[in-house]
Amino acid sequence: MTADEWLAAEFSRCWPWLDDALNASPMRTHDKEHIWAGIQSGELELWPTPNSACVIQITTYPTGLKVLHGLLAGGRLSEIKTTVLALENRARELGCHYAAPQGRIGWLRALPGYRRAYTVMAKELT
């Protein structure tokens, strides 16, 4: 199996957890093909574990601030917590100044050391 085949198989296996995370949001920002295209292009990275998965994106802002954004996480919470520690190490290796996962407020209780950075409000207009 090639690396590309492995990645496609892992994405398919993990998609239900990621889809659940997207469905839990009041605003569905991505569909399966968007996430897969981002992973294929290298804009996004998939971090699979046996019973969970995370999708990240590294952003460098005009000020030079470099942030590892956690876009999606789904599956078994204990595995996600371990993956977050690995992602923090990856962020340091890449010269990131911050790790910034996004998600429901309950994630603050699940991830020690993280603090609320922003409040996002949403109003459906249609």
query: Do we have any residue at all in the range 34-56 that's of a type in the set (Phe, Trp, Tyr), within 13 Å of the chain's Cα centre (by Cα) and farther than 27 Å from Trp6 by Cβ?
result: no
- line: Note on Ser78: of the conditions (1) farther than 23 Å from Thr29 by Cα; (2) touching a strand residue (DSSP E or B) at 6+ places or on another chain (Cβ under 8 Å), unmet is (2)
field: Filter result (touching a residue at least 40 places away in the same chain (Cβ under 8 Å) and assigned to a helix (DSSP H, G or I)) within the range 80-111
entry: Leu87
message: Looking only at the range 80-126, filter to residues that are more than 15 Å from the chain's Cα centre (by Cα) and acidic (Asp, Glu); which one of those is surrounded by the fewest Cβ atoms within 10 Å (Cβ to Cβ)?
response: Glu124
- prompt: Taking the range 92-106, which residues are on the phi < 0 side of the Ramachandran plot and modelled with pLDDT of 85 or more?
  reply: Arg92, Glu93, Leu94, Cys96, His97, Tyr98, Ala99, Ala100, Pro101, Gln102
task: Scan the range 1-35 for residues that are hydrophobic (A, V, I, L, M, F, W, C), at pLDDT 95 or above and surrounded by 14 or more Cβ atoms within 10 Å (Cβ to Cβ) and jot them down.
output: Leu7, Ala8, Phe11, Cys14, Trp15, Trp17, Leu18, Ile35
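The values are calculated or read from the model by the stated rules, or taken from the named source; none is laboratory data. Worth saying up front: this structure is predicted, and the values here are computed from it rather than measured. Positions of Cβ are generated from backbone atoms using ideal geometry, with glycine treated the same way; all protein chains shown enter the neighbour counts.
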